[in-house]
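Engineer: Here it is, the structure in full.
The values are calculated or read from the model by the stated rules, or taken from the named source; none is laboratory data. The structure displayed is predicted, hence computed values, not measured ones. Glycine also receives a Cβ, built like all others from the backbone with ideal geometry; neighbour counts cover every protein chain displayed. For the accessible areas, the whole protein counts, side chains as well, though only heavy atoms, and no ligand, DNA or RNA atoms are used. Shrake-Rupley method; radii C 1.70, N 1.55, O 1.52, S 1.80 Å.
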Amino acid sequence: MDLDVVFLGTAGSMPTAQRAPAALLVRRGGDRLLFDCAEGTQRQLLRSSVGLPDLEDVFVTHFHADHVLGLPGMFKTFSLRGREVPLRVYGPHGLADLLASLKRVLGKLTYELELVELKPGDVLERDGYRLATFNVDHGVTALGWALIEETRPGRFDVEGADALGVPNGPQRGALQRGEQVELGDGRTVTPEQVLGPPRPGRKVVVTGDTAPSPAIAEAAWGADLLVTEATFSEEERERAEETRHQTATQAAELARRANVGLLALTHLSNRYYGGEIAREAREIFPDTVVPRDFDVVEVPYVERGTPQLLKGGASHRREPEVVSSAPQ
């Protein structure tokens, strides 16, 4: 099951010539989960190799303009394409009021908007994973999101199954699902006899805008990938505190406390190009990347390696450059 994160907008409050405002797409198998939808997000999707899919779910971290201004345009485009299936939008308390205020802009849509307001600690159960919300500290009602996969069964011991006389076919599948089976001679074989220890699923955490918070360290504990903001460098810490944002140093300290695999920093102020933010964070947490728009982070299962940044992985280039998570 493939899992990756496509960075569609990595700028802070204002777009630049190189970076659009906040939006990212998590792809897990056939699922497409959009987190935040800033101005120009649908065009970013159309410019990418992803295209503009008929999304089923949109997840909003908070209602500041640089995170939601792309919603009306995208909703209208779906309607102009004749969409009929409902679109679910999840966000913190106030989501219904926000969408109600946009009715005059949207007009009549060809599909239903299903609005779901959540609070920190709520969990959405999905096929093979869950989406858990947690509290962040941005001075407004806001949510962080954690995608947490279910624990997987251990590796199937083919030689052990052969030795026990388990035939190829449905019985082996049942054992892999954790069910015991009865053989033709009356013997019972349990999953513990042919399966290795359970293997962890993957975990991706997206904070949106936030100041440093112990709640984030707890929610992100052991994550394969933490996507969080570094709006400022450490020399602007006072400004970060005033605006309830965080510096690259603070984000790196958070990643170190949470024991994450890879830290991806976004929401950069337009005073930075990215390199200086990466260098500052890597002094504390070496496994840090600062993606640009259309970069992708692939998140493999732990036995297959560590998360990797692919520069331009969602651009129309044929062979995106694979970049190690180690310092560049």
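Engineer: Sorted by average packing, counted as other Cβ atoms within 10 angstrom per residue and highest first, what order do 193-203, 151-161, 38-48, 241-251 take?
Structural biologist: On the way: 193-203: 16.5, 151-161: 14.1, 38-48: 20.6, 241-251: 22.6.
In decreasing order of mean packing, 193-203, 151-161, 38-48, 241-251 become 241-251, 38-48, 193-203, 151-161.
Engineer: Here is a follow-up. At q = 0.11, 0.13 Å⁻¹, what is the log10 ratio I(q)/I(0) for the chain, with the Debye formula run over Cα points and no solvent?
Structural biologist: -0.72, -0.94
Engineer: Taking N as the number of residues in region 168-295, what value does Rg over Cα atoms divided by 2.2 N^0.38 Å take?
Structural biologist: The value comes to 1.60.
Engineer: Please work out the C-alpha center-to-center distance from region 140-172 to region 184-205 and express it in whole Å.
Structural biologist: 7 Å
Engineer: Another question, then. For a bin width of 5 Å, list the pair-distance distribution of region 222-302 built from all Cα-Cα distances, rounded to whole %.
Structural biologist: P(r) for region 222-302, in whole percents per bin: 3, 17, 29, 24, 17, 7, 2, 1.
Engineer: What is the spread of the Cα atoms of region 1-88 along each of their three principal axes, largest first, in whole Å?
Structural biologist: Largest first, region 1-88 extends 33, 31, 24 Å along its Cα principal axes.
Engineer: Under the Kirkwood approximation for Rh and a Cα-based Rg, what ratio Rg/Rh is obtained for region 42-119?
Structural biologist: 0.94
Engineer: How many times 2.2 N^0.38 Å is the alpha carbon radius of gyration of region 55-183? Please list the in-between numbers first.
Structural biologist: Details: Rg = 22.4 Å, N = 129, 2.2 N^0.38 = 13.9 Å.
Here the Cα radius of gyration is 1.60 times the empirical estimate.
Engineer: In addition: Taking the convex hull of the alpha carbon atoms in region 199-263, what volume per residue do you get, in Å³? Display every interim value, and only then the final one.
Structural biologist: Working: hull volume 4.3 nm³, N = 65.
Each residue corresponds to 66 Å³ of Cα convex hull volume.
Engineer: Related question: Per residue, what accessible area does the chain have, given a 1.4 Å probe and all protein chains present, in Å²?
Structural biologist: Normalised by residue count, the accessible surface of the chain is 47 Å².
Engineer: Of all alpha-carbon pairs in region 119-221, indicate the percentage at a distance above 18 angstrom.
Structural biologist: For region 119-221, the share of Cα pairs beyond 18 Å comes to 59 percent.
Engineer: Turning to a different aspect of this structure: Once you charge only the Cβ atoms, +1 for Lys and Arg and -1 for Asp and Glu, what is the size of the charge dipole of the chain about its Cα centre, to the nearest 20 debye? Spell out each step's value before the answer.
Structural biologist: Working: 37 positive and 48 negative charges, 185 e Å.
Charge dipole, the chain, about its Cα centre: 880 debye, nearest 20.
Engineer: Which order do peptides 162-170, 16-24 fall in by mean Cβ count within 10 Å, highest first? Each step should come with its number before you reach the end.
Structural biologist: On the way: 162-170: 11.9, 16-24: 20.9.
Highest to lowest by the protection proxy: 16-24, 162-170.
Engineer: Sticking with this one: Kindly point out which whole DSSP H helices in the chain project their C-alpha atoms 30 angstrom or further along the helix axis while averaging a Kyte-Doolittle hydropathy of -1.0 or above.
Structural biologist: none
Engineer: To continue, here is another question. Please report, in debye to the nearest 20, how large the charge dipole of region 224-317 is about its Cα centre when each Lys and Arg carries +1 at its beta carbon and each Asp and Glu carries -1 there.
Structural biologist: That gives a dipole near 280 debye.
Engineer: Now for a different question. Roll a 1.4 angstrom probe over the protein heavy atoms and tell me the percent of accessible area of region 1-125 that is carbon or sulfur.
Structural biologist: 51 percent
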